[in-house]
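Only one structure is covered here, and it is reproduced in the block below.
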Amino acid sequence: MARVSLQNLTKTYAGGYLRAVDGLNVDIADGEFLVLVGPSGCGKSTALRMIAGLEDITDGAVWIGDQFVNDVHPKDRDIAMVFQNYALYPHMSVFDNIAFALQISQMPRSEIDARVREAARILELTDYLKRRPGHLSGGQRQRVAMGRAIVRNPSVFLMDEPLSNLDAKLRVQMRAEIHSLQHRLGVTTIYVTHDQTEAMTMGDRVALLKDGVLQQVDRPTDIYNRP
Ligand code: ADP
Ligand code: ADP
């Protein structure tokens, strides 16, 4: 677990004309589930990608735990990201999809095996480890993407609209699954969505973004009740 601190985090495009993320200040506590919510184009993905190191920071700072990470390579940040499209390898088994990042890190095989099996157990994928992603349901594919993040044992999860490819019924079910998983693991989580219901049902706190500017950050019950 780690605290995450965003300090005046800023990203401009078009030679400074477009302020995609504009002076974002948020402290996310150890183990907290923070949802970053707002309409399309408000800067959610850009903010998350700066935290992940996938986007250069124009101004401000990102801290993960005790580490100032502005110039730290994505691989060397204590994070795991879950993408909207899952980015699974279609020709590889579920096991190898989950294990992939560990395999290229030269971790001992026995350790990889143990971690993948533990993740599969938690995600109820044990019976599917030999299948390929094409032979899984949408919800199972989503869980494989989660498994990939879990096996890295990161201090921070970053999730970018992870449920947007699922149908409405499955989306509601997976909300609950991700929520309970996050609470069991206690991993500090920053979760991006444009869906207000998702934000209100999942977040310990919700950060409301509009045109790159933070409007409010509060617990769901308090978010719309401020004068
Ligand atoms: P969201 O995730 O909330 O939909 P984004 O972070 O994707 O929003 O985008 C925020 C703003 O930055 C939008 O106006 C978008 O058009 C702009 N933007 C995003 N990426 C780029 C880019 N590579 N070049 C120029 N503008 C961009
Ligand atoms: P504060 O209560 O103001 O956060 P701290 O002593 O925790 O006081 O940290 C002082 C400042 O140092 C923070 O506001 C932040 O700018 C920076 N800082 C140091 N360590 C961290 C960390 N682990 N995560 C985030 N910010 C940190």
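Among the residues of region 27-43, write down those that are within 15 Å of ligand 2 (Cβ to nearest atom) and among the aliphatic types (A, V, I, L, M).
Result: 28, 29, 34.
Per-residue answers, yes or no, for (1) away from ligand 2 (no atom under 16 Å from the Cβ); (2) open to solvent by less than 30 Å² (accessible area, probe 1.4 Å); (3) part of a helix (DSSP H, G or I):
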| site | (1), (2), (3) |
| --- | --- |
| 152 | yes, no, no |
| 157 | yes, yes, no |
| 163 | yes, yes, no |
| 221 | yes, no, yes |
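Counting only residues that are more than 16 Å from ligand 1 (Cβ to nearest atom) and surrounded by fewer than 19 Cβ atoms within 10 Å (Cβ to Cβ), give me the strands (runs of 3 or more DSSP E) lying completely in region 1-73 with at least 3 of them.
Of the strands (runs of 3 or more DSSP E) lying wholly inside region 1-73, those with at least 3 residues that are more than 16 Å from ligand 1 (Cβ to nearest atom) and surrounded by fewer than 19 Cβ atoms within 10 Å (Cβ to Cβ) span 4-13.
Taking into account only those residues within region 177-212 that are outside any strand (DSSP E or B), open to solvent by 50 Å² or more (accessible area, probe 1.4 Å) and within 14 Å of ligand 1 (Cβ to nearest atom), which is farthest from residue 156 (Cα to Cα)?
211
Answer with yes or no whether residue 169 is assigned to a loop (DSSP other than H, G, I, E, B) and open to solvent by 10 Å² or more (accessible area, probe 1.4 Å).
Details: assigned to a loop (DSSP other than H, G, I, E, B): no; open to solvent by 10 Å² or more (accessible area, probe 1.4 Å): yes.
For residue 169, the condition - assigned to a loop (DSSP other than H, G, I, E, B) and open to solvent by 10 Å² or more (accessible area, probe 1.4 Å) - is not met.
Matching residues to (1) within 25 Å of residue 164 (Cα to Cα); (2) within 16 Å of ligand 2 (Cβ to nearest atom):
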| residue | (1), (2) |
| --- | --- |
| 45 | yes, no |
| 50 | yes, yes |
| 59 | no, yes |
| 68 | no, yes |
| 89 | yes, no |
| 97 | yes, no |
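Can you name the condition, by its number, that residue 127 falls short on among (1) without any contact (Cβ under 8 Å) to a residue 60 or more places away in the chain; (2) surrounded by 12 or more Cβ atoms within 10 Å (Cβ to Cβ)?
It is condition (2) that residue 127 fails.
With the condition kept exactly as written, say whether any residue in region 47-55 is acidic (Asp, Glu) and over 15 Å from residue 81 (Cβ atoms). Before you say what the answer is, go through the steps one by one.
Of the residues in region 47-55, the ones acidic (Asp, Glu) are 55.
If we keep only those that are over 15 Å from residue 81 (Cβ atoms) as well, we get none.
Checking region 47-55: not a single residue is acidic (Asp, Glu) and over 15 Å from residue 81 (Cβ atoms).
Quick check: anything in region 65-80 of a type in the set (Phe, Trp, Tyr), without any contact (Cβ under 8 Å) to a residue 40 or more places away in the chain and under 30 Å from residue 47 (Cα atoms)?
So the first thing to find is which residues in region 65-80 are of a type in the set (Phe, Trp, Tyr), and the list is 68.
If we keep only those that are without any contact (Cβ under 8 Å) to a residue 40 or more places away in the chain as well, we get 68.
Keeping just the survivors that are under 30 Å from residue 47 (Cα atoms) gives 68.
There is at least one residue in region 65-80 that is of a type in the set (Phe, Trp, Tyr), without any contact (Cβ under 8 Å) to a residue 40 or more places away in the chain and under 30 Å from residue 47 (Cα atoms).
Which ones in region 77-87 are within 16 Å of ligand 2 (Cβ to nearest atom) and either outside any loop (DSSP other than H, G, I, E, B) or open to solvent by less than 20 Å² (accessible area, probe 1.4 Å) (or both)? Reasoning before the result, please.
Applying the first criterion (within 16 Å of ligand 2 (Cβ to nearest atom)) to region 77-87 yields 77-79.
Matches in region 77-87: 77, 79.
Is one or more of the residues making up region 110-124 assigned to a loop (DSSP other than H, G, I, E, B) and either at pLDDT 95 or above or under 30 Å from residue 11 (Cα atoms) (or both)?
Taking region 110-124 and keeping what is assigned to a loop (DSSP other than H, G, I, E, B), we get 123-124.
Now restrict to residues that are either at pLDDT 95 or above or under 30 Å from residue 11 (Cα atoms) (or both): none.
Taking every residue of region 110-124 in turn, none turns out to be assigned to a loop (DSSP other than H, G, I, E, B) and either at pLDDT 95 or above or under 30 Å from residue 11 (Cα atoms) (or both).
Out of 27, 66, 22, I need the residue that is farther than 20 Å from residue 193 by Cα and among the charged types (D, E, K, R). Which one? Full working, then the answer.
Details: 27 fails: farther than 20 Å from residue 193 by Cα; 22 fails: farther than 20 Å from residue 193 by Cα.
On inspection, the qualifying residue turns out to be 66.
The values are calculated or read from the model by the stated rules, or taken from the named source; none is laboratory data. Note that this is a predicted model, so its numbers are computed, not measured. Positions of Cβ are backbone-derived with ideal geometry, glycine not excepted, and every protein chain shown enters the neighbour counts. Just so you know, the surface numbers come from the protein's heavy atoms only, side chains and all, with ligands and any DNA or RNA stripped out. Shrake-Rupley method; radii C 1.70, N 1.55, O 1.52, S 1.80 Å.
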